[in-house]
Amino acid sequence: MTLEEIIGLVSGLDGVLTLTPGPGDEWPELSWGDAFFYYSPDGVVPTNVQPFATIVTKNYPGDESSRLDRPETFRVNIHAGKKEFTRPLGQDPSAMDTLIAHPVYGTAGWLAVVNPAANTETAVRELLETAYRLARARYERRADTSRG
């Protein structure tokens with residue numbers, strides 16, 4: 001799976017807002033080249049929720065163990081919830097095409113894959129769909145609460 005394929009897959013889901021920061025916009029330079037996926041049917045970047053999935057193309061401070069400084073390396077991060085931790089997970093955060101607990105946010109229900117390919121493509125697609133459904137359900141619950 002390429003970065004572009006994943007962006008296309010997730011962006012095609014109903015109500016998804018894809019944020020891809022770059023030069024000249026309001027987002028920090030560190031985020032340029034990365035992708036952030038929100039369930040936001042109004043098309044506005046939410047200020048009070050985290051994305052349900054991200055793609056990062058470089059190391060972030062405190063998150064270097066996946067070695068994203070290697071050429072053509074990226075990591076897809078998916079907030080699929082703790083129920084998904086029943087899947088077999090790899091232990092090496094720098095291993096490619098291996099499903100792992102996110103090196104920083106694993107305890108919060110995040111899973112990750114560096115350069116997903118044949119071994120993880122099906123799981124990544126399923127996990128992205130799960131993360132999307134969970135984000136949509138959270139959005140709808142918040143909307144119901146604010147109307148009530």
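Filtering the stretch 45-94 to residues that are open to solvent by less than 30 Å² (accessible area, probe 1.4 Å), at pLDDT 95 or above and outside any strand (DSSP E or B) leaves Pro51, Phe52, Ser66, Leu68, Thr73, Phe74, Ser94. For Val16, indicate whether it is within 21 Å of Leu128 (Cβ to Cβ), open to solvent by 20 Å² or more (accessible area, probe 1.4 Å), modelled with pLDDT under 95 and not small (Gly, Ala, Ser). Criteria not met by Val16.
Screening the candidates Val114, Val124 for the property of being more than 22 Å from Leu17 (Cα to Cα) and either modelled with pLDDT under 95 or not aromatic (Phe, Trp, Tyr) (or both) yields one hit, Val114.
Taking Thr145, is it farther than 15 Å from Ile55 by Cα, part of a helix (DSSP H, G or I) and either without any contact (Cβ under 8 Å) to a residue 12 or more places away in the chain or open to solvent by 60 Å² or more (accessible area, probe 1.4 Å) (or both)? Here the answer is yes, as Thr145 does meet what is asked.
Condition test on Thr20, is it closer than 15 Å to Pro116 by Cα and without any contact (Cβ under 8 Å) to a residue 24 or more places away in the chain? Against the criterion (closer than 15 Å to Pro116 by Cα and without any contact (Cβ under 8 Å) to a residue 24 or more places away in the chain), Thr20 does not qualify.
Residues checked against (1) within 15 Å of the chain's Cα centre (by Cα); (2) within 22 Å of Glu29 (Cα to Cα):
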{"site": "Pro46", "(1), (2)": "no, yes"}
{"site": "Gln91", "(1), (2)": "no, no"}
{"site": "Leu99", "(1), (2)": "yes, no"}
{"site": "Val104", "(1), (2)": "yes, yes"}
{"site": "Ala112", "(1), (2)": "yes, no"}
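Selection within the stretch 102-142: residues that are out of contact with any Asp or Glu (no Cβ under 7 Å at 6 or more places or on another chain) and among the hydroxyl-bearing types (Ser, Thr, Tyr). The member of this set that is farthest from Pro51 (Cα to Cα) is Thr122.
Determine the pairs where a residue that is assigned to a helix (DSSP H, G or I), located within the stretch 116-135, has a partner that is of a type in the set (S, T, N, Q) with Cβ atoms under 7 Å apart, the partner being 6 or more residues away or on another chain. Sorted first by the residue in the stretch 116-135, then by its partner, the list stays empty. Conditions: (1) modelled with pLDDT under 95; (2) within 22 Å of Ala137 (Cα to Cα); (3) not aliphatic (A, V, I, L, M). Trp27 meets all but one. Number of the miss? Failing condition for Trp27: (2). Note on the stretch 98-111: residues that are open to solvent by 20 Å² or more (accessible area, probe 1.4 Å) and either farther than 23 Å from Leu17 by Cα or not in a strand (DSSP E or B) (or both) amount to 7.
The values are calculated or read from the model by the stated rules, or taken from the named source; none is laboratory data. Keep in mind the model is a prediction, meaning the values are calculated, not measured. We place every Cβ from the backbone using ideal geometry, glycine too, and count neighbours over all the protein chains shown. Heavy atoms of the whole protein, side chains included, go into the accessibility calculation; ligands, DNA and RNA do not. Shrake-Rupley method; radii C 1.70, N 1.55, O 1.52, S 1.80 Å.
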